[in-house]
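A quick write-up on the structure given underneath.
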């Protein structure tokens with residue numbers, strides 16, 4: 001578990017990728033016994049996820065009297081469940097490597113990468129704290145343009161595997177070369193991949209305004225606080241300037257969309273004629289949606305997007321009616337059975353801006369779904385409420401995932417977060433302007449240009465998954481021949 005915790009130090013906000021790389025190499029150095037391999041991999045994963053996902057407990061503490069009892073169970077269930085994927089990779093490697101007569105680390109690395117890819121899709125997927133994410137604060141993140149996070153995960157694990165082979169050879173020249181060449185090569189690549197400073201703003205580019213009200217989660221439904229933060233949102237929107245577009249955070253207002261035409265008119269008036277996209281809840285008769293609404297200058301709803309990838313046990317509860325009898329319910333969901341899912345990825349035509357892909361909170365962590373827009377958008381716009389994640393690792397990790405989507409697609413990202421981090425990010429992942437956690441304010445910035453689609457935007461994860469599949473077939477063939 002300790003080695004797994006060291007691997008987690010590569011994740012934001014610790015951002016120590018070479019510590020994580022060394023820990024991965026040490027984990028691969030240990031021989032894989034047929035008995036105990038699964039437990040070894042599971043324990044490694046448990047230590048990693050326990051540290052990297054500490055924020056899982058934070059949503060339960062918003063209403064501690066009601067939900068606090070679930071916090072330790074939620075953390076253990078999440079970390080233990082995700083660790084099963086690592087355990088499975090170790091178990092399979094222990095059975096393939098001896099008969100295939102291949103070094104254990106070279107067998108384990110692709111299987112481990114495959115397990116990370118698998119946990120990104122199984123049971124709706126959770127591609128958070130992936131091994132490739134340890135490079136979030138380095139220029140190596142630019143390689144996402146080529147092969148995405150799954151490719152970067154495979155590269156990291158192959159580098160660690162070579163280091164492990166070197167460590168196994170001990171204090172020999174060959175051992176030193178194998179142990180030192182991978183981290184040296186990765187270190188040397190960093191300045192070569194650095195995109196450099198952002199170019200000057202295009203004077204013809206549309207001006208965008210992002211509003212960050214900084215409303216604590218416990219105030220979101222407090223009758224005494226609602227008028228205060230609603231006025232704050234309107235006042236921030238109406239600050240001097242002439243934006244061409246205004247973006248508000250997820251669930252910015254507490255009322256159902258259908259019940260607040262007067263408030264929508266006030267929003268449009270504050271925006272001075274600019275289109276506004278704001279997070280709302282809508283629905284009725286037991287069917288509710290977490291949505292983004294595009295308002296025209298008169299405050300009428302010109303377009304809607306309903307969130308389609310919901311947070312399990314947050315926005316909906318599988319078998320909700322049954323589990324409700326035991327006091328288990330969605331933490332962020334509307335009354336009743338929770339939110340319903342929208343139809344899928346979409347593009348919203350924003351006047352004066354162009355086609356924009358709306359993303360709500362959790363949806364921004366899924367590379368394949370961001371790539372699944374029905375047409376290539378001009379920008380990504382993500383509205384989120386990260387007050388649920390506390391003020392330590394969660395919001396920073398979520399922010400880093402948004403930067404990755406911008407790099408993969410070569411598209412600018414506008415990020416409006418209730419309590420932060422709001423930002424304007426260009427298609428190379430450079431943060432052009434931002435508002436910190438716990439700060440109320442606005443960002444006024446020129447919309448960065450969309451870049452030509454990078455290779456990953458055209459191919460997605462298919463090349464890496466094909467490579468992993470071919471490798472597995474080859475390893476099994478060698479195993480049979482042996």
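Observations on the model:
Rundown of residues vs (1) part of a loop (DSSP other than H, G, I, E, B); (2) more than 30 Å from residue 217 (Cα to Cα), yes/no style:
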residue	(1), (2)
35	yes, yes
43	no, yes
48	no, no
57	no, no
60	no, no
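- Selected residue (only one of 238, 189 is touching a helix residue (DSSP H, G or I) at 6+ places or on another chain (Cβ under 7 Å) and not assigned by TED's automatic domain parsing to the domain that holds residue 294): 189
- Taken over segment 361-391, the criterion of being surrounded by 22 or more Cβ atoms within 10 Å (Cβ to Cβ), touching a helix residue (DSSP H, G or I) at 6+ places or on another chain (Cβ under 7 Å) and not in a helix (DSSP H, G or I) is satisfied by 380, 382, 384, 385.
- For the condition farther than 27 Å from residue 220 by Cβ, touching a helix residue (DSSP H, G or I) at 6+ places or on another chain (Cβ under 8 Å), modelled with pLDDT of 95 or more and buried (at least 21 other Cβ atoms within 10 Å of the Cβ), residue 404 qualifies.
- Of everything in segment 35-63 that is at pLDDT below 90 and in contact with a helix residue (DSSP H, G or I) (Cβ under 8 Å, 6 or more places away or on another chain), the residue that is surrounded by the most Cβ atoms within 10 Å (Cβ to Cβ) is 59.
- Which listed residue is touching a residue at least 40 places away in the same chain (Cβ under 8 Å), touching a helix residue (DSSP H, G or I) at 6+ places or on another chain (Cβ under 9 Å) and either under 25 Å from residue 95 (Cα atoms) or not assigned by TED's automatic domain parsing to the domain that holds residue 87 (or both), from 9, 32: 32
- Extreme residue, modelled with the lowest pLDDT, among residues of segment 195-217 that are surrounded by 12 or more Cβ atoms within 10 Å (Cβ to Cβ) and over 24 Å from the mean Cα position of the chain (by Cα): 201
- Segment 153-165, subset under 24 Å from the mean Cα position of the chain (by Cα) and without any contact (Cβ under 8 Å) to a residue 60 or more places away in the chain, residue surrounded by the fewest Cβ atoms within 10 Å (Cβ to Cβ): 158
- Condition check for residue 150: touching a residue at least 24 places away in the same chain (Cβ under 8 Å), farther than 30 Å from residue 411 by Cβ and either under 27 Å from the mean Cα position of the chain (by Cα) or surrounded by 18 or more Cβ atoms within 10 Å (Cβ to Cβ) (or both): no
- Flag if residue 124 is without any contact (Cβ under 8 Å) to a residue 12 or more places away in the chain and surrounded by fewer than 19 Cβ atoms within 10 Å (Cβ to Cβ): no
- Residue under evaluation residue 266, criteria (1) more than 29 Å from the chain's Cα centre (by Cα); (2) part of a loop (DSSP other than H, G, I, E, B), criterion not met: (2)
- Filter pass, residue 304 being buried (at least 21 other Cβ atoms within 10 Å of the Cβ) and either in the same structural domain as residue 222 (by TED's automatic domain parsing) or part of a loop (DSSP other than H, G, I, E, B) (or both): no
- The residues on offer are 168, 173, 99, and the sole one that is buried (at least 17 other Cβ atoms within 10 Å of the Cβ) and either over 20 Å from residue 27 (Cα atoms) or not assigned by TED's automatic domain parsing to the domain that holds residue 402 (or both) is 168.
- Taken over segment 71-81, residues that are closer than 22 Å to residue 154 by Cα and either surrounded by fewer than 20 Cβ atoms within 10 Å (Cβ to Cβ) or free of Cβ contacts under 8 Å to residues at least 24 places away in the same chain (or both) amount to 1.
The values are calculated or read from the model by the stated rules, or taken from the named source; none is laboratory data. In this text the structure is predicted, and so the values were computed from the model without any measurement. Here the Cβ is made from the backbone with ideal geometry for all residues, glycine too, and neighbour counts use every protein chain on show.
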